[in-house]
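Trainee: One structure, as structure tokens, below. Some questions next.
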Amino acid sequence: MKKVTKAQLQPSFRQKDLISVNSFIGFCQKYDIGTTKDELEYFEKEGLLYPVVRVNRGLVEYKRVLADYDGKGSEEWRFIPKEHIARAKKQYKFKEIDKATTYGHGSILSGSDNWLDWYVKHSLAIFPARTKFKEWSSYRSNQTWATKPKKLGYDYETFYTPYQIYPLQFIQSRRSLTIKNAGLYKTPEEWVNRGKQIKEMYTQDISNDFIRQKIVDYYKLFNFINDLEELWEYRQLDLARFYEEAVKGYDGKQKDAVDDLRHRENVLDNELKPKAEKLLTKHNISIDYLENWRFTFLGFGTFGLRIKVMTLRKPYLKTIEEETLANTEQPYKIVYLINWLIKLVGGKETTIKELILGFSGKYCPYCQSPFEPIRTTQITCGSDACKRAHENELKRQKRKSGLYRS
Ligand SMILES: [Zn+2]
């Protein structure tokens, strides 16, 4: 079997979804997945989970300016970015401007559709999955201010995509026990030794390579989900525009407009059907494959998938609107989109609630993901890595039984 290459572990992403490492840790916390920078650094070093990108914050030139900023007669020195001096001059009465320039780190303007392009074009972005590992501390400057750019040094922000919470949780389930205290190891030597130990303790039953194969499966799916989200957003934008026009047409009568909107939804979904089919072909993804993955995400949502808990939560769940689930939690949103796509291409229609309530309690023996068997003979969750692991297991058993007979 081919080994996973480092390049395959570059997460697919949409630029506008990227969040800083601190935001990513906060996002994971919301779903009860605790992690730290130390742990994330360790997983990068092990070649399991690479951040999407590191971005150089760049330099900002500042001038020190003496002025009465509060307008109360007392003057003080403040730093103002050079490019804002002209504007500030109109607002405040400058008493004195320091000739010297002070340098500070810039801030990254992320969040728009193509924000990263600028940084890539100016060689200010590093993709960790395509670069040799370096300690995270080497990407941080220990100076906040300096009189020379060289003294200030470079400062990078690390970005993840929220979808990486799922592979992270998977890695943690195999690798976290001893890493939780990683912060205690202060020197690189201790790190290295500890890292070796952890590997030795765990690789016996599940190898880093199996983990990597599984992560490639996740990324394959997210590559598809990213495109699916684009399609969904296109749909939502169309409907929003349509509704706005419709309300105008009915002189603000919303009820008639809503009826038209329902009709438009159906027309639009018919139009989008070929696009949805194209997506499946492009990503070489089958409906079966998607149906299986849904349970992995459902396991992350508030209602979970544990049978015992479900019987208690059933009455609450029944009262919740499908859209509320989808709009509140990312894992439910993913399932919502998958359900929508399956419906578009003529597959079995279902809802998040039905899936949660109907879950039979099967877990994949190779990756522990929950799944609902589509065929009675189905053993694994259906992801490529687990199917391969199962095929190998069968071969091993065959070999063994052959030996016994001879
Ligand atoms: Zn599996």
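Every number here is computed from the coordinates shown, using simple stated rules; none is lab data. No experiment lies behind these values; they were computed from the predicted model shown. Positions of Cβ are backbone-derived with ideal geometry, glycine not excepted, and every protein chain shown enters the neighbour counts.
Trainee: Given +1 on the Cβ of Lys and Arg, -1 on the Cβ of Asp and Glu, and no further charges, what dipole in debye does the chain carry about its Cα centre, rounded to the nearest 20?
Mentor: 1620 debye
Trainee: On a straight-distance basis, which lysines could pair with Lys37 in a cross-link, Cα separation under 16 angstrom, same-chain partners fewer than 8 positions away excluded?
Mentor: Lys45, Lys134, Lys180, Lys186
Trainee: When the dipole is taken about the Cα centre of region 47-144, and only Lys, Arg (+1) and Asp, Glu (-1) are charged at their Cβ, what size is it in debye, to the nearest 20?
Mentor: Using Cβ point charges on Lys, Arg, Asp and Glu, region 47-144 gives about 200 debye.
Trainee: Given the pairs Lys63/Lys89; Lys63/Lys148; Lys2/Lys387; Lys3/Lys214, which are separated by over 19 angstrom at their Cα positions?
Mentor: Cα-Cα > 19 Å for no pair; all within.
Trainee: I would also like to ask the following. List the Cys residues of the chain that have no partner Cys with a C-beta closer than 4.7 Å.
Mentor: So far as the 4.7 Å Cβ criterion goes, Cys28, Cys367, Cys386 stand without a partner in the chain.
Trainee: Another question, if that's okay. Filter the GluC sites (Glu not before Pro) in region 312-402 down to the DSSP loop ones having no more than 10 other Cβ atoms within 10 Å, then list what survives.
Mentor: In loop regions of region 312-402 (DSSP not H, G, I, E or B), the sparsely surrounded GluC sites (Glu not before Pro) are Glu321, Glu349.
Trainee: Related question: Mind putting a number on the dipole of region 3-61 about its Cα centre? Charges go on the C-beta only, +1 for Lys and Arg and -1 for Asp and Glu, and I need it in Debye to the nearest 20.
Mentor: The calculated dipole for region 3-61 is roughly 280 debye.
Trainee: Name the trypsin sites (Lys or Arg not before Pro) in region 214-316 that are in a loop by DSSP and that have at most 12 other C-beta atoms within 10 Å, would you?
Mentor: Those that pass, being in a loop and sparsely packed, are Lys253.
Trainee: Specify whether the C-alpha gyration tensor of region 313-390 places it in the rounded, prolate or oblate class, a ≥ b ≥ c being the square roots of the eigenvalues: rounded for a/c under 1.5, otherwise prolate if a/b is larger than b/c and oblate if not.
Mentor: The shape class here is prolate.
Trainee: Which lysines does Lys273 reach when only Cα atoms under 17 Å apart count, and residues fewer than 8 places away in its own chain are ignored?
Mentor: The reachable lysines, counting only those whose Cα sits under 17 Å from Lys273, are Lys282, Lys343, Lys348.
Trainee: Any idea what angle helix 254-283 forms with the longest principal axis of the chain, computed on alpha-carbon atoms, 0 to 90 degrees, nearest 10?
Mentor: 80 degrees
Trainee: Under the rule a/c < 1.5 gives rounded, and otherwise a/b versus b/c splits prolate from oblate, where does region 212-385 land using the Cα gyration tensor?
Mentor: It comes out oblate by the Cα gyration axes.
Trainee: A further question on this structure: Based solely on its DSSP helices, what 222 nm [θ] is calculated for the chain when runs of n ≥ 4 H residues each add -39,500 (n - 2.57) and the sum is averaged over all residues, nearest 500 deg cm²/dmol?
Mentor: -17000 deg cm²/dmol
Trainee: Within region 331-406, which trypsin sites (Lys or Arg not before Pro) sit in a loop by DSSP and count at most 15 neighbouring Cβ atoms inside 10 Å?
Mentor: Sites meeting the loop and neighbour criteria: Lys348, Arg375.
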